[in-house]
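The values are calculated or read from the model by the stated rules, or taken from the named source; none is laboratory data. Quick caveat, the model's predicted, so the values are computed rather than measured. For neighbour counting, all protein chains shown are included, and Cβ atoms are generated from backbone atoms with ideal geometry for every residue, glycine included.
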Amino acid sequence: MRRFLAVAILGSVAVAQSASTTGAKSAPDQSRQDQSGQPAHGLEGALSVPTALPPTPQGKSTVIGGAIRSVDSVRDQFTLNVFGGRTVKILFDERTQVFRDGAKSGLLDLRAGDHVSVETVLDGTTVFARSIHLLSGSPEGECQGQVMSYDPGTHELTVRDALSRRLIQLRVPAATVVVRQGQAASASTDRASSDIGASDLAIGTLISVNFQSDNKGHGVASQIAILAAPGTTFVFVGNVVFLDLHSGLLALLDPRDNKRYDVSFDSARFPMTRELHEGADVTLTADFDGARYVASAITINSAPDK
């Protein structure tokens, strides 16, 4: 497509130069004026190629580490071999920033086999690269998702990534740091590996994992943050940004961490929800059951003006 655009531009330049030469011989006083009567300046305005791109997709980003399997410059996408044996197609364009070992680089530097750390964000249903870091050393990555299984004997952890919905397999060595949300970090060396699997990495637990690759390209967890374990109770405070009384679902934005939380509720148990409106300030106690947050108490602090 870039070659076609270059040919089209060269053709337009030739036509414009030919027209300018012909016009100069027949009407020299008008050859330097446009239709508005203002002096023309070469080819300015003659070639109008739109270059503006939409803003970079917003939303929570996720860092994915791996090795580039292939680059498709025609479709502006590349395939990434992610730790755990899966692949992900990632889109890029001129908005994507590329760095090599921290120094500014370009999209033409992307090569199959490069170890990269990619900051991704969802653009509709596709995964878009906000930035790509080409790494000379061992690549690092981050994923956030739900524990599908953990074997304390082999230290193998399987996580369903919240962004791609794919399964990621990681190894959790004894030195992995485990952090409970809102609590101080603690090294897993202070506890038996079986305790980690039983208390922290139960099926359904929401976690965030920082990892890097070993010399065989396998993902190794360096830190695990426990975001929500089944049976845990949470208190959310914030404004309602979505409300569906029919399905019993609301979403609030908690200003303490600037995150959105979707919470299910029973409208029959909480009749005051019929007075709820988007924008209302609420305090909400919810239990995480391994799949969703379920309200156990709702307090309306203030309602928006109608």
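Which residue is nearest to Arg166 (Cα to Cα), if the candidates are limited to the range 92-115 and must be in a strand (DSSP E or B) and out of contact with any helix residue (DSSP H, G or I) (no Cβ under 8 Å at 6 or more places or on another chain)?
Taking the range 92-115 first, the residues in a strand (DSSP E or B) are 97-100, 103-104, 115.
Then keep just the ones that are out of contact with any helix residue (DSSP H, G or I) (no Cβ under 8 Å at 6 or more places or on another chain); that gives 97, 99, 103-104, 115.
Details: Gln97: 25, Phe99: 26, Ala103: 31, Lys104: 31, His115: 20 Å.
Out of the qualifying residues, it is His115.
Out of the range 287-306, which residues are of a type in the set (Asp, Glu) and surrounded by 13 or more Cβ atoms within 10 Å (Cβ to Cβ)? If the condition is that a residue be of a type in the set (Asp, Glu) and surrounded by 13 or more Cβ atoms within 10 Å (Cβ to Cβ), then Asp287, Asp289 are the ones that fit.
The condition (being more than 30 Å from Val118 (Cα to Cα), within 26 Å of the chain's Cα centre (by Cα) and acidic (Asp, Glu)) is satisfied by just one residue among Asp281, Asp254, Asp266, Asp289: Asp289. The listed residues are Leu284, Leu253, and the only one of them that is outside any loop (DSSP other than H, G, I, E, B), outside the structural domain of Val116 (by TED's automatic domain parsing) and crowded, with 18+ Cβ neighbours inside 10 Å turns out to be Leu284.
Would you confirm, using the coordinates I've provided, whether Thr125 is hydroxyl-bearing (Ser, Thr, Tyr) and surrounded by fewer than 16 Cβ atoms within 10 Å (Cβ to Cβ)? Judged against the criteria, Thr125 is a match. Evaluate the range 269-279: report whether one residue or more is surrounded by 14 or more Cβ atoms within 10 Å (Cβ to Cβ) and under 26 Å from Gly145 (Cα atoms). The answer is no; no qualifying residue exists. What do you reckon, is Thr56 modelled with pLDDT of 90 or more, surrounded by 13 or more Cβ atoms within 10 Å (Cβ to Cβ) and under 22 Å from Glu142 (Cβ atoms)? Considered against the rule, which asks whether it is modelled with pLDDT of 90 or more, surrounded by 13 or more Cβ atoms within 10 Å (Cβ to Cβ) and under 22 Å from Glu142 (Cβ atoms), Thr56 comes out as no. Restricting Gly204, Gly197, Gly182, Gly231 to residues that are at pLDDT 90 or above and under 26 Å from Asp289 (Cβ atoms) narrows the list to Gly204. Arg260: under 21 Å from the mean Cα position of the chain (by Cα) and in the same structural domain as Ser296 (by TED's automatic domain parsing), yes or no? The answer is yes for Arg260.
Could you tell me whether the range 225-238 includes any residue that is surrounded by 13 or more Cβ atoms within 10 Å (Cβ to Cβ) and more than 20 Å from Thr205 (Cβ to Cβ)? Explain how you work it out, then say what you get.
Restricting attention to the range 225-238, the residues satisfying the condition of being surrounded by 13 or more Cβ atoms within 10 Å (Cβ to Cβ) are 225-230, 232, 234, 236-238.
After this cut, where a residue has to be more than 20 Å from Thr205 (Cβ to Cβ) as well, the list is 237-238.
Yes.
Does Val74 satisfy being closer than 15 Å to Ile132 by Cα and either hydroxyl-bearing (Ser, Thr, Tyr) or at pLDDT 75 or above (or both)? Against the criterion (closer than 15 Å to Ile132 by Cα and either hydroxyl-bearing (Ser, Thr, Tyr) or at pLDDT 75 or above (or both)), Val74 does not qualify. The residues of the range 116-136 that are part of a strand (DSSP E or B) and over 19 Å from the mean Cα position of the chain (by Cα) amount to a single one, Leu135. In the set (1) assigned by TED's automatic domain parsing to the domain that holds Val294; (2) of a type outside the set (Phe, Trp, Tyr); (3) modelled with pLDDT under 90, Gln212 fails one condition alone, (1).
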